[in-house]
Amino acid sequence: MTSSRLFSWRQVLIYTVAFVGITTILQRLLRYVAEHIVAFDYTYYWPVSIFGPRFPSVRDLVVAAAVTGSFFLFFRVLEAKRFNIVLSIVFGVVLIAGLNFIHGLEIGYYAPVAGDARTGVLTPYSLDGQEYFHDALNITDPIDFFRRYNEIQPTLHMHGHTHPPGAVLTFYVLTKLFRDPAIISVVIMILAAIPTIFFFIV
């Protein structure tokens, strides 16, 4: 009798340890190259972006415990339901939302879209930052923005000027539909999670 599980728990452990080990080696190699061979800009904790470690609060621990417990509960249900695609999407979205909520509403939902940390202190919701959201707020005519993108691109903020116009225009549409950065975060999460889960399972 064959198991319906994609991976055994032993495989999960092996792959996790291998991933962490290889990533750590590559991270240290990157730092060595940047500091001793060829100087270039990089994030210290690559491949993780810029962050600051902190001690979790009691609220953070409670939410983290709830998300962890939900994961195991959802996994049992999905096994029993033979990984029903609709349930997988719903549970996946709930778990992702819960993981973000460990950091709280401001850091978990507002900051990824509208945060600004140029002063060295994170402002979770700023109308003057350097994300796609902030570039989108300055668009008055999306057709003209697209038409003159080669001219406009160098004037955009850090993320916007390194990508094609689709990223900023996507945020333009989302800001017109929802405006609130937290809601935009949730919408992007759902739109990204649905096809990812669907193609992973089907």
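The values are calculated or read from the model by the stated rules, or taken from the named source; none is laboratory data. Just so you know, these numbers come straight off a predicted model, no measurement behind them. Neighbour counts run over all protein chains shown; Cβ positions are idealised from the backbone, glycine included. The area values use the complete protein model at the heavy-atom level, side chains included, leaving out ligands, DNA and RNA. Shrake-Rupley method; radii C 1.70, N 1.55, O 1.52, S 1.80 Å.
Taking all protein chains together and a probe of 1.4 Å, list V38, V93 from the most accessible to the least accessible. Write down the numbers at each step before the final one.
Details: V38 80, V93 30 Å².
So, going from the largest accessible area down, we get V38, V93.
If you fit an axis through the alpha-carbon atoms of helix 181-201 and take the longest principal axis of the Cα set of the chain, what angle between them do you get, 0 to 90°, nearest 10?
That works out to roughly 50 degrees.
I need the trypsin sites (Lys or Arg not before Pro) found in the range 126-190, filtered to DSSP loop residues with at most 12 other beta carbons within 10 Å of theirs.
Working: sites: R147, R148, K176, R179; in loops: R148, R179.
Within the range 126-190, the qualifying trypsin sites (Lys or Arg not before Pro) (loop, at most 12 other Cβ atoms within 10 Å) are R148, R179.
Please arrange D135, D128, D41 by accessible surface area, largest first, computed with a 1.4 Å probe and ligands excluded.
On the way: D135 10, D128 100, D41 150 Å².
Result of the area sort, largest leading: D41, D128, D135.
Solvent-accessible area per residue for the chain at a 1.4 Å probe radius, Å²?
Values: 13980 Å² over 202 residues.
Per-residue value: 69 Å².
Hey, what angle do you get for helix 165-177 against the long axis of the chain, alpha-carbon based, 0 to 90 degrees rounded to 10?
That works out to roughly 80 degrees.
Using a 1.4 Å probe over the heavy atoms of the protein chains, calculate the carbon and sulfur portion of the accessible area of the range 1-140 as a whole percent.
68 percent
Mean residue ellipticity at 222 nm from the helices of the chain, using -39,500 (n - 2.57) per DSSP H segment of n ≥ 4 over the full residue count, to the nearest 500 deg cm²/dmol? Working shown, then result.
Working: 9 runs with 118 residues, N = 202.
Result for the chain, helices only: -18500 deg cm²/dmol.
Apply the Karplus curve 6.51 cos²θ - 1.76 cosθ + 1.60, θ = phi - 60°, to the phi angles in the range 117-129 and return the couplings in whole Hz, x for Gly and Pro.
Taking θ as phi minus 60°, the curve returns 10, 5, 7, x, 10, 6, 9, x, 10, 10, 8, 10, x Hz for the range 117-129.
What does the C-alpha gyration tensor say about the overall shape of the range 56-202? Classify as rounded when a/c is under 1.5, otherwise prolate if a/b is larger than b/c, or oblate.
Values: a/c = 3.22, a/b = 1.62, b/c = 1.98.
Here the range 56-202 falls in the oblate category.
V94: accessible area at probe 1.4 Å, nearest 10 Å²?
70 Å²
What is the percent carbon and sulfur in the accessible area of the range 154-202, measuring with a 1.4 Å probe over the protein chains and ignoring ligands?
On the way: 2250 of 2960 Å².
Carbon and sulfur atoms account for 76 percent of the accessible area of the range 154-202.
Keeping all protein chains in the complex and leaving out DNA, RNA and ligands, what accessible area do you get for F146 with a 1.4 Å probe, in Å² to the nearest 10?
Here the accessible area works out near 130 Å².
Given the protein chains as shown and a 1.4 Å probe, how many square angstrom of Y44 are accessible, to the nearest 10?
120 Å²
Does the range 13-143 come out rounded, prolate or oblate by the C-alpha gyration tensor, with a ≥ b ≥ c the root eigenvalues, rounded set by a/c under 1.5 and, if not, prolate when a/b is larger than b/c and oblate if not? Don't skip to the answer; put the middle values down first.
Numbers: a/c = 1.84, a/b = 1.21, b/c = 1.53.
Verdict is oblate for the range 13-143.
At 1.4 Å probe size, put H134, H157 in order of accessible surface, largest to smallest.
Values: H134 5, H157 50 Å².
Per-residue accessible area, sorted high to low, gives H157, H134.
Assign one of three labels to the range 129-171, namely rounded, prolate or oblate, based on the Cα gyration tensor with a ≥ b ≥ c the square roots of its eigenvalues; rounded applies when a/c is under 1.5, prolate when it is not and a/b is larger than b/c, and oblate otherwise.
oblate
Rounding to the nearest 10 and keeping the result within 0 to 90°, find how far the Cα-based axis of helix 9-32 lies from the longest principal axis of the chain.
Tilt of helix 9-32: around 30 degrees.
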